[in-house]
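Below is one structure, written out as structure tokens; the observations come after it.
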Amino acid sequence: MFPDSFLMLSAIAFLIGLLNSSALGERLCRPGFELEPRILDISLALVPIMAARLGVGSGMSVVLTGFSSLMSFHLAHWLVPKYSLQRYVPALVTLGFLSPLTLALVGGLWWLLRRQGIPYSVLIVTIGFVSLPILWFLHHRDLYVLFALAWLILILYNEIPHLRWERVSPTSAEHLTTEMESLPRKVVVMRRCMSISLILLQASFFFFNRYVYRGFGLQQELFRVGNRDLPFIALTFDDGPDPLYTPRILDILKEKEVSATFFLLGKHAEQYPHIVRRIAEEGHDIGNHTYSHRNLYGLDEPSTWNEIARADTAISDIIDTKIYLFRPPRGMYTQSTVKFAHELQYTTVLWSISSRDWAEISSGNVERNILRNTKGGDILLFHDSGSIIGTSGGYRYNTVNALPIIIDGLRAKGFHFVTVNQLMIIAGLTEGDDELLPDILDNPPFTRE
């Protein structure tokens, strides 16, 4: 456990949130202590989010920490809230870190509607819905929209049983007394269904994680790992090229004299052809990662073919040569995917170790994920673009910062860096022939070291 890990930050945020003015911190706000409940709650939400921003730096760390704090503040649901919006304080503080302008806009809307006498529950539901398009319009980051969507679901979960459409005075505290009323049976059933849905969602996440990182069956049609008995490994980068991060990664690889493999999106290649040419000129492998990063699992066959073939044309035209490696987005594929890739002369390549940088974890966690788990023959997955759902806009500085330490650390352990094509050649040469292993170990092929 490290102080920059999401798990520790989330746990700290949850525990600190329990001190809110309607839970363990209630005694601090009683007469005689003279501590304003709003000041206490804002401080409790602010501290862990600031720690996440300073310790990790990514938007994902802020979102997860804020959401953990939000969960602990919802223990106030068991008691009468001290003031309206109390349970949403962590969400508003998080929103202030992610997008101050959005917070200002929804704050202005809140003040305006409140003056019109709109009931509290109707008002907060409206604010939840409005925050979604505002965040997308201002930032075009799926992470921010996912945060707003989670907040909206929580709002609906809390407020639907208490919706009152009659106009009330701006100072009315009707919503505070209705919190203690017994909920109708249909609401209880609805909440139970939501809880079951969350459990099923979590189970599907673990299934998806097993599918992506390990797969099922023999998978003879895929290349996921090289020869385990040899110290050759391959660095791979998905979703690029990106004008901000890819050149920085190329600079590091050039300085460290390391060859890597870049799985590019066709539409990004068309946008930044000069970066694609640089990748090829500096001796790195280039692979096809589809044209627009559509999920190929469940996609119809004509669209699947178009995603692969269109990217093939876009990338090959830029570097004026055929490419032979293909990686499906998120590692999800069908038999049609593998079949079409084969028809276009591709080898379908996945990975054996993920840096998990897609989650925007800290550079320290990226380093530890790789340095602790890498073995001979591994294909290591990184990202030089992309985001949680979309194809760009993610935070990849932690990947850039971790890369030099990872390269030096793996070299110190005796590993040699090769491209995926080279890893495949080595695996093919040594498969079932142990006599070649000493020669290859004594004279490592392909490496720049």
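Since every read-out is calculated from the coordinates, none of them should be taken as a lab result. These figures come from a predicted structure and were not determined experimentally. Cβ atoms come from the backbone with ideal geometry, glycine included; neighbour counts cover every protein chain shown.
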**Report entry** Number of the exception - residue 134 against (1) under 23 Å from the mean Cα position of the chain (by Cα); (2) under 24 Å from residue 22 (Cα atoms); (3) in contact (Cβ under 8 Å) with a residue 24 or more places away in the chain
**Finding:** (2)
Requested in this report: Would you point out which residue out of 297, 272, 291 is surrounded by 22 or more Cβ atoms within 10 Å (Cβ to Cβ) and without any contact (Cβ under 8 Å) to a residue 60 or more places away in the chain?
Outcome: 291
Query raised in the report: Does segment 318-329 contain at least one residue that is part of a helix (DSSP H, G or I), touching a residue at least 40 places away in the same chain (Cβ under 8 Å) and within 23 Å of residue 225 (Cα to Cα)?
Result: yes
Report summary line: Flagged in segment 341-389 as in contact (Cβ under 8 Å) with a residue 60 or more places away in the chain, closer than 21 Å to residue 243 by Cβ and not in a loop (DSSP other than H, G, I, E, B), in numbering order, are 382, 383
